[in-house]
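The values are calculated or read from the model by the stated rules, or taken from the named source; none is laboratory data. Given the structure is predicted, the values throughout are model-derived calculations rather than measurements. Don't worry about glycine lacking a Cβ; one is built from the backbone with ideal geometry, like all the others, and counts go over all protein chains shown.
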């Protein structure tokens, strides 16, 4: 299975569009799109440019800095949505925590946009176009699906049984592996691998968001006369953890089966 170079080109083009929109409005969708698309671009550079140019190296550094800021904003958006979905009697405590999230979101949103001022935006666009040309001109070829399955098997062997302490870094590794598989484009084998990796990402990501939200509530609990919301969030987080561990284990088994050679059925 070959690399879909038309998709590669579209990923660079999408990131340029997303960045342009982000300069005027750091809304939740724009921030999310920037994070995911920038990671895809970084994966393309790392996989297809064994010796990246100075411009490509600077692009990766610039994207990493911006993505870190975007990640802080995105975390707050997701935590706010999780808090909004929480049912219970802790209305006053919930409102106080929502206000804290909103205040921090405004501050970090402004910081993100400030990192995309005219000079920064101009240099980012220039480096994106240069790196796109480098990547599209590369002669590096491999099977993205086979590479992704091999990388996941290495991850599974290295980490062994997944535990709570390993979940978040495990998810980060799965992100990169997923983006490698996506390099094959809209192929059925690629879609199957991406689907399983996405299950891990979504389940672990949801648990991690609730975990961080609970920790944030712990920090402001001194403002609560009776911090029942902390216990409510803790219970929800434990439930998300159980789901994440189960889903990760099941997806891991299916991904390893995809790589294992199919045994031949004996002739009748």
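Return only the number of the condition from (1) assigned to a helix (DSSP H, G or I); (2) at pLDDT below 90; (3) farther than 30 Å from residue 229 by Cβ; (4) in contact with a helix residue (DSSP H, G or I) (Cβ under 8 Å, 6 or more places away or on another chain) that residue 140 does not satisfy.
Checking residue 140 against (1) assigned to a helix (DSSP H, G or I); (2) at pLDDT below 90; (3) farther than 30 Å from residue 229 by Cβ; (4) in contact with a helix residue (DSSP H, G or I) (Cβ under 8 Å, 6 or more places away or on another chain), the one that fails is (1).
Look through 22, 102, 86 and report the one residue that is crowded, with 17+ Cβ neighbours inside 10 Å and touching a helix residue (DSSP H, G or I) at 6+ places or on another chain (Cβ under 9 Å).
Matching residue, one of 22, 102, 86: 22.
Just wondering, is there one or more residues in the range 108-122 that are out of contact with any strand residue (DSSP E or B) (no Cβ under 8 Å at 6 or more places or on another chain) and within 17 Å of residue 40 (Cα to Cα)?
No, the range 108-122 contains no residue that is out of contact with any strand residue (DSSP E or B) (no Cβ under 8 Å at 6 or more places or on another chain) and within 17 Å of residue 40 (Cα to Cα).
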